[in-house]
Amino acid sequence: MHTGSSRSGAPGSGQRQVEAKVWDLLFHALDDLSEMDFERFRDALAHADLRGCSPIPWGRLEKANRIQTKNLMLQRYGAEAALHAAITALEHIQLRNAAALLQEGRERGGNADSSRPHSPAGARTLLWMGVPVAGLGEAYGRVKDLNARVGDSASLSARYSRLVLVTGPCDEWQREREIAAVGRGHADLMKERASTAVAVADLFKPDAEGWSPKEVVLLGAAGMGKTMTARKIMVDWACDRVFEEFDYVFYIHCREGNLLAGEASMAELLARCCPGGAPPLDTVLQHSEKLLFVIDGFDELRFSVEQPWSELCAEPGERRPVDVVLASLFRRRLLRHSSLLITTRPAALQSLQRLLEHERCAEILGFSEADRRDYFQRFFGSAEQAAAAFRFVRGHELLFTMCLVPIVCWIVCTVLRQQLGRAGGLAHGPRTTTGIYVLYLSALLRSLRGQQRQDVPAMLRRLCCLAASGVRRQRVLFEEEEVQGLALGRQEALPLLLNEHLFQKDISCVSSYSFIHLSFQEFFAALFYLLEDEGEAQEPPVGPSRDVKELLESYGSSGNYFILTVRFLFGLSNEDRRRELEQETGCRISARITQDLLQWLQESQKTALALLLEETALVRDLELCHCLYELQDERLVAAALRPFTGLHLHGLNLNRFDQVVLAFSLRRFPGLQALELGHCCFLWDEPEDDAEPQLCKRPHRCVGACGAALGSVLGISPALTELSLAGNKDLRDEGVRLLCEGLRPHHGLGPLPLEQGAPSPCVQPDLEHCRDGAGSSGWLGLGVSRLSPAPRRLWQCGLTELSCESLAAVLPDTPSLAELHLGGNAVGDGGVRRLSQGLRDPRCRLRTLRWCGLTELSCESLAAALPDTPSLAELHLGGNAVGDGGVRRLSQGLRDPRCRLRTLRWVPRCGAEPGGSIPGATSVGAGASPGCLGAQEPRGGCPQLEMGSDLFAVG
């Protein structure tokens, strides 16, 4: 139990320290504005004369929230100029006091908490209960993380990010949707709920009918930020940011109140917590209308406050048992004109409701998307690290959704910061989703002590039974009878893991329970199948079958409802995860289902289509890779993939996390021979956000990402003979360069077809690598064709002259590379010239070249290379407007006796049906040397020139 207030600034040094202080100043200045004033402020930024600062377009400000507006200002003006623009805009809308406060904070060096001077009236002017206000900041202005070492702490002002608070009830069907939603669907639901958002400063303000509450309940699940919000209220009140109507604010933490024993008066309870000696409480408590009690963690009280009215006390000086004193405060017999702000978990809401008369209830939804980004920036300090970490989490739909919970966001940031400090950074992926959820459970359980801690194993078994039953029945809300039937109602640790909801039913209210999110229910459901039964005093709860095979058999017909449960089954089968859970929960975790999981995984790929095509050795489901990634066991992953020879995925949008998962499986694929990723997009997973200057901008699709990922795989997959990235136009020059690095000396990839057209934002590249008819070489292509044992035309990979330089360099180092397709790529004459240099290298063994988009100058470079490329036997030229001059130049190369070209195919335009004619066809046919034309001899063994649909036998 404490009282006090805080003043603290953002830590840092040099330029980063200045930026952090400016962020704080702007954030608090905008945070203090009412909704109407904030709209006027944005209008001023867009239309007013900002005295040297250019206006920000209204289109970017119209829907910007406070954080986005702050970031827009920093992006456009820089730190110091942003402060100048903010002060000018505040003055323009006649908020001169706010402008003066911001200017004062600027002159004081940017300390966010010093940006507001103390009120000239009231108890906060110089002293708080006889103690300097600034001296009380130590009680609230610093926070310790769960993993803090001795001396470690962080500034609350620097770490705290805004939480979304909403008022108004939530219907049962709305709650079900919230619990089950992820990704964009969840974000849309949160935005819908946020339409009733309320600022902390407005919690005691009158509503539309003029009613002002005296009791406010701040509702939030475990880890949702209730205590941080309560402490931030103390900090902000001391700086006149909130609740200026109260002269005194007392902070009472119920967990510490449990330690108080014996009898005491309200005055004595408060005096024990006041630093600096006994304050004049007798005088203070006489004016209860000016008092606010912030009561943090009502659900953590370990004694009942539902005392009979006759036993309650009415005088602050009356000595009674502590539970009676607190009950008297809650039920308004003691200090009845004071105000209460009570934080609690949902599971205690019903008992709290019985104590209060006319309360206002606000629910903490957690971080909005913008606030999650802001939290990453504050946590990492480094804009570069924050950007890298945020991009990674943004690409993991489930983790990003759950980062709305502050403690989950902290766990994720902590893990990512440790990963960024290691060699390789995030390239190999940080903790699995299962690992993050294990850490979340551990963080919650660490708050338990004594008997509560001893009860965890029994409570957890029953909780897992409830979760598994709900998953099998596809339910996320549980009736009170179900919870009580599992003996969960008597567990004091229950509020940690279950939320209680009150819904109207007919003329009464009923309680329902849920996990904080469906994903946590699925985590506990998976754990249900691994918990060992140990001798309990009571019979184990009746629930679904513990046979995991029944769950797996239902997987295919469940409409993917069990998809996350199965992932968690694999993740919890990891030996390290099992050991962590055993240490934290006191339960024994079994590994008995691991072989059942691996057998099911292998059988799951034998679909009806695979059996029909006789392709049962191919992996066709990315979900298999996600399961193996959660497993994180090299030996077991290799054993699971051993029956397969290829992985075929088509038309998928692979986000950042998908790419990590895919690379993990490919690197451990012992017999990988064929890899097809046709029409798969490698995404960067960061939508455009002009309101976020601190994070590095990237295109929506990651240029070259597939080249980097697959280049690393090629070097460690010696059996790979077929590779297809058809339709992936975003590979481009950087992707080809990285891919070529993988092709170099360590890989025996055969042909390399790279066919493309003019870059199109809606078409992607195709990389295909296949064996030729004799099986001595493969091929690699970039275009739109599907993987096939024989090469086919590939299109539109966005390659330019730079790509040809990379390819030319790799040709001599890849003697098994037999086919190169460059169709529809705007490589230009310079690209042809550069690639020709690689063709002339005596180590080059290219046999087939397919190209389009040539000009007369391109033919000159190609003709000069033909005599020096004895392995080149087949040349495909389609859609080339080379003219008569180009044909004449190419003919010169064909006449050279060193030329070994056997087949020349010439089609009017790339991708067209055979037919028609081309200029100069006669001159080519008449002037070409018989030894230079024709590799295929379907007509009597004659060499051939194919022009359109006609075959011309020469010689």
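In a simple Cβ point-charge model (Lys, Arg +1; Asp, Glu -1; nothing else charged), region 445-592 has a dipole of about 320 debye relative to its Cα centre. A Förster distance of 56 Å, applied to the separation of the beta-carbon atoms of A826 and E359, puts the FRET efficiency at 0.25. Coupling constants for region 376-382 follow from the phi torsions by the Karplus curve (6.51 cos²θ - 1.76 cosθ + 1.60, θ = phi - 60°), and in residue order they are 4, 4, 5, 5, 7, x, 6 Hz; glycine and proline get x.
Peptides 617-627, 150-160 ranked from most to least packed by the mean count of surrounding Cβ atoms within 10 Å: 617-627, 150-160.
Here the spin labels are modelled as points 7 Å beyond Cα on the Cα-Cβ line, and at D621 and R51 they lie 6.6 nm apart. Label-to-label distance, A187 versus K505, with points set 7 angstrom from Cα along the beta-carbon direction: 3.6 nm.
Straight-distance candidates among the lysines for linking to K549, with alpha-carbon spacing under 27 Å and chain neighbours fewer than 8 residues away dropped: K606. In plain terms, the chain from E263 to Q452 could stretch by 65.5 nm, reckoned as 0.36 nm per residue minus the Cα-Cα distance. Rounded to the nearest whole Hz, the Karplus-based 3J(HN,Hα) values (6.51 cos²θ - 1.76 cosθ + 1.60, θ = phi - 60°) of region 383-400 follow the sequence 5, 5, 5, 4, 5, 4, 5, 5, 4, 5, 5, 4, x, 10, 4, 5, 4, 5, with x at glycine and proline. For the peptides 567-579, 464-476, residues were scored by their other Cβ atoms within 10 Å and the scores averaged per peptide; the highest-first order is 567-579, 464-476. For the pair K144 and D884, a Förster radius of 60 Å applied to the C-beta separation gives a FRET efficiency near 0.15, rounded to the nearest 0.05. Note on region 173-212 and region 230-252: Cα centroid distance 24 Å, given to the nearest whole angstrom.
Annotation: lysines with alpha-carbon distance below 30 angstrom to K144 (same-chain offsets under eight excluded): K21, K70, K226, K232. All other residues with a Cβ under 15 Å from the Cβ of L622 taken together, and with Lys, Arg as +1 and Asp, Glu as -1, what is their net charge? Local net charge: -3. Modelled spin-label separation between Q174 and D533, with each label point placed 7 Å from Cα along the Cα-to-Cβ direction: 4.4 nm. Protection proxy ranking for 434-446, 354-366, using the average of other Cβ atoms within 10 Å per residue and placing the highest first: 434-446, 354-366.
Applying 1/(1 + (r/R0)^6) with r as the Cβ-Cβ distance of E550 and K606 and R0 = 22 angstrom yields a FRET efficiency of 0.70.
Stretched out straight at 0.36 nm per residue, the stretch from E245 to A423 would grow longer than its current Cα-Cα span by 58.7 nm. The lysines whose alpha-carbon is closer than 16 Å to the alpha-carbon of K191, local same-chain residues fewer than 8 away aside, are K63. Between T855 and R843, the contour length at 0.36 nm per residue exceeds the Cα-Cα span by 1.6 nm.
No lab work stands behind these numbers, since they all come straight from the coordinates. Just so it is clear, the structure is predicted and the values come from calculations on it, not from any experiment. Counting neighbours? That spans all protein chains shown, and the Cβs are built from the backbone with ideal geometry, glycine included.
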